[in-house]
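Undergrad: Questions regarding the structure given below will be posed in turn.
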């Protein structure tokens, strides 16, 4: 938020409860961004993001472990209900069980929307500080989001992978997402920041890590001008008509 405000973007703010109450609100914007550890979504929220994507709304998932568990609201949206086991949940509709989206019947893996997803046990509790490498900076022709950043194909972004992060799932999206930043895991899964393009033309960016945005924050010790320029390039693309 400090990054967006510092550079004067025309930005409005909403909440998950608002999206659940009025899913059509996402259709009124060129770009919808999520922040932080947005782990719990209702089916209405997931449907809203998919509908926005189908309508050509661009999406940017700036955290990690996004839309991982399906939940529902009760008590006038004051309570999140989450059983985490289908056989414990009294809800009879298998599409509404409060389990991981990828475990629903039929499955709705997060990577089908984001292009990446949290890997499950061994990654959800990862509390390390992995380094992203700017792999797409070496692409030929140059990726437009990297123009003027100073990144090379071996440039590191220290400490931006964690504590929850996401990985590319081969075959989940066709065509496959473009990997922009990558972390090669050591005894843990890899991490990936990716861009994909929907049939509608909507462009989707997923940072793949909760800590990614710390390098955008002008008040953070990890503030990185290279990544700030990258994000300004990305936002110029994500907020233009297509």
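Undergrad: Please give the calculated 222 nm ellipticity per residue for the chain, where each DSSP H segment of at least 4 residues contributes -39500 (n - 2.57) and the sum is spread over every residue; nearest 500 deg cm²/dmol? Mind showing how you got there, number by number?
TA: Values: 5 runs with 41 residues, N = 242.
Calculated mean residue ellipticity at 222 nm is -4500 deg cm²/dmol.
Undergrad: Pop the C-beta distance of residue 139 and residue 105 into the FRET formula with R0 = 25 Å and round what comes out to the nearest 0.05. Working shown, then result.
TA: On the way: r = 39 Å, r/R0 = 1.57.
Step by step, r from the Cβ atoms, then E = 0.05.
Undergrad: Taking 7 Å along the Cα-to-C-beta vector as the label spot, tell me the residue 30-residue 232 distance in nanometres, rounded to one decimal.
TA: 1.7
Undergrad: Which order do the peptides 178-190, 7-19 take when ranked by the mean count of other beta-carbon atoms within 10 Å per residue, highest first?
TA: Numbers: 178-190: 17.8, 7-19: 12.1.
Ranking, from highest mean packing down: 178-190, 7-19.
Undergrad: For helix 225-238, what angle does its Cα long axis make with the longest principal axis of the chain, in degrees from 0 to 90 and rounded to 10?
TA: With both axes taken from Cα atoms, the answer is about 60 degrees.
Undergrad: So for the pair residue 22, residue 200, with labels modelled 7 Å out along Cα→Cβ, what separation do we get in nm?
TA: 1.9
Undergrad: For the chain, set up a Gaussian network in which alpha carbons nearer than 10 Å are linked by springs, and say which option among 52, 191, 138 fluctuates the most.
TA: 138
Undergrad: Continuing with the same structure: So if I average 1/r over every pair of distinct C-alpha atoms in segment 1-117 and take the inverse, what Kirkwood radius in Å does that give?
TA: Result for segment 1-117 stands at 15.0 Å.
Undergrad: May I pose another question? Taking every eigenvalue of the Cα gyration tensor of segment 73-190, multiplying by 5 and rooting it, what semi-axes result, largest first, whole Å?
TA: Numbers: eigenvalues 244, 56, 36 Å².
Three semi-axes, in Å: 35, 17, 13.
Undergrad: Then there is this: Please report, in Å, the Rg and the Dmax of segment 73-118, where both are computed over Cα atoms only.
TA: Both quantities, over Cα of segment 73-118: 12.0, 33 Å.
Undergrad: In what sequence, highest mean first, do 231-241, 32-42 appear when ranked by Cβ atoms within 10 angstrom?
TA: Numbers: 231-241: 16.5, 32-42: 18.6.
Ranking the peptides 231-241, 32-42 by packing returns 32-42, 231-241.
Undergrad: When DSSP assigns beta bridges and you keep just the ones with both residues in the chain, what percent turn out antiparallel, to the nearest 5?
TA: Details: 20 of 29 bridges.
Rounded to the nearest five, the antiparallel share is 70 percent.
Undergrad: Full-extension gain between residue 184 and residue 87, please, as 0.36 nm times their residue separation minus the C-alpha to C-alpha distance. Kindly include the intermediate steps, with their values, before the conclusion.
TA: On the way: separation 97, 0.36 × 97 = 34.92 nm, distance 3.64 nm.
Fully extending the segment from residue 184 to residue 87 adds 31.3 nm.
Undergrad: While we're on this one: Going by alpha carbons, how many degrees (0 to 90, nearest 10) lie between the helix axis of 43-54 and the longest principal axis of the chain?
TA: Result, in degrees: 40.
None of the figures in this text is laboratory data; all of them are computed from the coordinates on show. As the structure is a prediction and not an experimental result, all values here were calculated from the model. So basically every Cβ, Gly included, is an ideal-geometry build from the backbone, and we count neighbours across all protein chains shown.
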